[in-house]
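What follows is one structure encoded as structure tokens, with my remarks underneath.
The values are calculated or read from the model by the stated rules, or taken from the named source; none is laboratory data. As the structure is a prediction and not an experimental result, all values here were calculated from the model. Here the Cβ positions follow ideal geometry from the backbone for every residue, glycine too, while neighbour counts run over all protein chains shown. Calculation scope for accessible area: heavy atoms of the full protein, side chains included, ligands and nucleic acids excluded. Shrake-Rupley method; radii C 1.70, N 1.55, O 1.52, S 1.80 Å.
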Amino acid sequence: MFKVSRRSCSVISCSNSWYKIEKWMQEQCEIHKCNKGTGSCDCSPQFQLIPFPTERKDPAGRKKWTTIVNRKHGNNNWQPNSESRICSKHFVDCEPTLSNPLPTLDLGYTPIQVTKFRPLPCERHDSPPPKKTKRKLENELSVEDLNKHITSDHDYMYIQDTDCNREVILLRDQVRKLQKEVNMYKSAYIRSVNTKRKTTFDINVILQSDKKCKFYTGIPKVETFNDFFLELEQKLMQMRHWKGPKRTCNPLKNKKYTRSNSNRKLSLKFEFALTLMKLRLGLLFEDLADRFGISTTHASNIFTTWVKVLSSTIGSLVFNPSKEAVKTNLPPSFKGTKYIDVRHIIDCTEVFLEGPNNLEVAAQTWSDYKHHNTAKFLVSINPSGLINYVSQGFGGRCSDKYITNNFGFLDIIEPYDCVMADRGFTIREELALIRAQLFIPSGRRGVTQMSTTEVQQTKEIANRRIHIEQAIRRMKYFRILKYEVPLTLMQHLDSIFKTIAGIYNMYPPLPNYET
């Protein structure tokens, strides 16, 4: 039995709908003596309502059916929905078949047929076009050679041996030569522009005076700058720039570094100056890139490479001199007193860090004293102000005693040495085990007032500990330590601090404080 569908044909000129099918089913069948399409009646209706192809199974067929129906919905094209149907009268086989899948009958309009016009005839020539042959250079192809390849009997196919034709061939050869020269000079110009350093900074500005050299690089004298660079230059000719662990540490990708360094964008002297300017002035990499005419990434790679080199070279100036050398250069305030054997004056300094996102790292670097995330370093000088030890960086929450006892400072202490420190360095017992002595200011909790002796001793130690305060203040002259160190430089902070300590030891001795 045919199932009634309450839909209508989507073709504009067609009135077939579910109403007609329902009305047909109410009629009496003369053959089967029952209502048509019900009971034992298997008669078919006059038409069927066929649904559109679905968007999921046949989107192309659905689009073709919609185009053939050619209906409008206001100013827009009509789109079928789930209730849209087309009756079987519009199909050649009364239903979609493989040979006739589209409705084509009685659509209510005449399809527009595009007339194909015949293309215009091509322009005719009096003679057939000549065959393309390879041109001979340097006037090797003569008129006689051209005539040898022509097999036609007509006179107009031959090239006449005239002065005009010869002149044209010579001019074409000259044009070809000139074009080659132009291309050659153009390529040379492009190479020269690419290799030329577009820098707005002249290194002669640094080297014009000691004052300028100290301001830009932190090195006190131009002569020291030049001497130290000459010492490094021969060792760094085959230095590779750091470009990340995957690129720098892979030997297969770095074969080019073993041949030549002629493709460097900056000379070694400019790279040396760039690194020192970053330490001294604390400039951003983007600023340095604009000054030296390179990319920001390349400026960062140069600094990362050079700061490791300078840490092992300039950093070697941080050493522990012998007892005799220390006593020979004692300031007047230490001579003839009980502090004549003082060999180390120690204190810790903190460098501000950019706040890390990792909560564990943030907790380890938080300093209750500075109320900021910091890295803490232990610094030791001898009485004349020479730095003889710098520790690695530690989180700001580490105590002074913990850093002093656990990370190598006690290893440089010799028997009968004297160490001068602040009252926070309670390391008297640790020094006693290696037969060394500690001088710290008096002061204990629970004692309301110090005695006269304790006050005098505190004053004497404070007047001599001013050397370490002055040394740390001189190191903070390098602005990279004066302000917040970004997270991207935290991994290089130990190398930065050691390099600055080495440059500090190039400076004149600290002022001799009188007591």
message = Output needed for segment 321-506: three equivalent-ellipsoid semi-axes, defined as square roots of 5 times the C-alpha gyration tensor eigenvalues, in descending order, whole Å.
response = 29, 20, 15
remark   = The whole-number value in µm²/s of the Stokes-Einstein translational diffusion coefficient for segment 1-111, with Rh from the Kirkwood sum over alpha carbon pairs at 25 °C and 0.890 mPa s, is 161 µm²/s
request  = May I ask you to compute the full-extension gain from residue 322 to residue 70, defined as 0.36 nm times their residue separation minus their alpha-carbon distance, rounded to one decimal in nm?
outcome  = 80.4 nm
ask   = R0 = 56 Å: FRET efficiency of residue 229 with residue 450, Cβ-based, nearest 0.05?
value = 0.55
request  = For a label point 7 Å from the Cα of residue 407 along Cα→C-beta, name the residues of segment 358-380 whose backbone N is under 16 Å from it.
outcome  = 361-368, 373-380
ask   = Of the chymotrypsin sites (Phe, Trp or Tyr not before Pro) in segment 271-379, which ones lie in a loop per DSSP and count no more than 16 other C-beta atoms within 10 Å?
value = 319, 369
message = Accessible area per residue for segment 321-506 in Å², computed with a 1.4 Å probe and the full protein assembly in place, what is it?
response = 50 Å²
note = Note, segment 331-345: 3J(HN,Hα) by Karplus (6.51, -1.76, 1.60, θ = phi - 60°), whole Hz, Gly/Pro = x, goes x, x, 5, 9, 6, x, 10, 6, 9, 5, 8, 5, 10, 9, 10
ask   = For residue 179 and residue 479, FRET efficiency with R0 = 45 Å and r from the beta-carbon atoms, rounded to 0.05?
value = 0.20
ask   = What figure in square angstrom, to the nearest 10, would you give for the accessible area of residue 27 with a 1.4 Å probe?
value = 80 Å²
key: Full-extension gain in nm, residue 215 to residue 371, via 0.36 nm per residue minus C-alpha separation   = 53.1 nm
ask   = In the full protein assembly as shown, how much of residue 34 is accessible to a 1.4 Å probe, in Å² to the nearest 10?
value = 30 Å²
message = For segment 419-485, take N as its residue count and report Rg(C-alpha) divided by 2.2 N^0.38 Å.
response = 1.43
message = Take residue 268 and residue 435, extend 7 Å from each Cα along the Cα→Cβ direction, and tell me the distance between the two endpoints in nm.
response = 4.7 nm
message = Report the gain in length on full extension from residue 94 to residue 19: 0.36 nm times residue separation, minus Cα-Cα distance, nm rounded to one decimal.
response = 25.0 nm
query = By the gyration tensor of its Cα atoms, with a ≥ b ≥ c the square roots of the eigenvalues, what is the shape of segment 285-342: rounded for a/c under 1.5, prolate for a/b over b/c, or oblate?
reply = prolate
